[in-house]
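Take a look at the structure below.
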Amino acid sequence: MALRTGFHGSFTLLRLGAALVACLLAFAAKPAAALSCLPWGAADAYLQAAKSESVYNIIAGKLRFDESLLPQSHSDNPNDTPPLTRIPAQLSGKMLEGKHFSGRVNVPAVLEVECLGPWCGGMKSGADQLFFAEQRGNELVIRAAACGGFAFDDTSEVRRQVLECHRGGACEPAMPR
């Protein structure tokens, strides 16, 4: 896994592949009465990020945004939900640097909420979470997908999984490959 520096200081950067996008497109191509998602956890996100061409920062903290901007399914046509909604946000917390969460950050970010028909990713503003924030130029993007997003409740188990992966230990996906 390559580490780089950039964006307002020293960030631990990871890469996220196109596999998730392909999975989302596969769901979008099939008509369905209900969305069925495969198991997905922090180790899965770490592994996808490590294989990606995109650059990621791992940050434990809070994302603050206007929840009224989250996409809502329309009762008259639930499939008329926009496929992607971008919401301005503020990300604060501690970034993974080296082997610990130590670098303080307080930066603007964008929350991208993906929808597959009436099913949308979601998030609560100000909740303690661990984020895999994609760096796109000077912009940090947090993706909330209908299946398998890149934000997790910031629990000791989630941090343990990410740190274990990052330190080269066992990095067990939620569903073995």
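The values are calculated or read from the model by the stated rules, or taken from the named source; none is laboratory data. Since the model is a prediction, treat every value here as computed from it, not as a measurement. Ideal geometry is used to build each Cβ from the backbone, glycine not excepted, and the neighbour counts take in all protein chains shown. Side chains are part of the model used for accessible areas, which takes the heavy atoms of the whole protein and leaves out ligands, DNA and RNA. Shrake-Rupley method; radii C 1.70, N 1.55, O 1.52, S 1.80 Å.
Would you be able to say whether some residue in region 130-140 is farther than 19 Å from S68 by Cα and in contact with a Cys (Cβ under 7 Å, 6 or more places away or on another chain)? Let's see the steps before the verdict.
Kept after step one, since they are farther than 19 Å from S68 by Cα, are these residues of region 130-140: 130-140.
When the remaining residues are screened for being in contact with a Cys (Cβ under 7 Å, 6 or more places away or on another chain), the result is none.
No, because not a single residue in region 130-140 is farther than 19 Å from S68 by Cα and in contact with a Cys (Cβ under 7 Å, 6 or more places away or on another chain).
Given the criteria touching a helix residue (DSSP H, G or I) at 6+ places or on another chain (Cβ under 9 Å), open to solvent by 60 Å² or more (accessible area, probe 1.4 Å), within 20 Å of G148 (Cα to Cα) and modelled with pLDDT under 95, does K30 qualify? Give the derivation first.
Numbers: touching a helix residue (DSSP H, G or I) at 6+ places or on another chain (Cβ under 9 Å): no; open to solvent by 60 Å² or more (accessible area, probe 1.4 Å): yes; within 20 Å of G148 (Cα to Cα): yes; modelled with pLDDT under 95: yes.
Against the criterion (touching a helix residue (DSSP H, G or I) at 6+ places or on another chain (Cβ under 9 Å), open to solvent by 60 Å² or more (accessible area, probe 1.4 Å), within 20 Å of G148 (Cα to Cα) and modelled with pLDDT under 95), K30 does not qualify.
Restricting the search to strands (runs of 3 or more DSSP E) fully inside region 114-163 and requiring at least 1 residues that are of a type in the set (G, A, S) and open to solvent by less than 20 Å² (accessible area, probe 1.4 Å) gives 128-136, 139-144. Here G168 meets each of (1) out of contact with any Gly (no Cβ under 6 Å at 6 or more places or on another chain); (2) small (G, A, S); (3) surrounded by 17 or more Cβ atoms within 10 Å (Cβ to Cβ) with one exception, condition (3). The set of residues in region 45-91 being open to solvent by less than 10 Å² (accessible area, probe 1.4 Å), among the polar types (S, T, N, Q) and either over 22 Å from A127 (Cβ atoms) or assigned to a helix (DSSP H, G or I) (or both) consists of S52 alone. Condition check for K94 on (1) in contact (Cβ under 8 Å) with a residue 24 or more places away in the chain; (2) open to solvent by 30 Å² or more (accessible area, probe 1.4 Å); (3) not in a strand (DSSP E or B): one failure, at (3).
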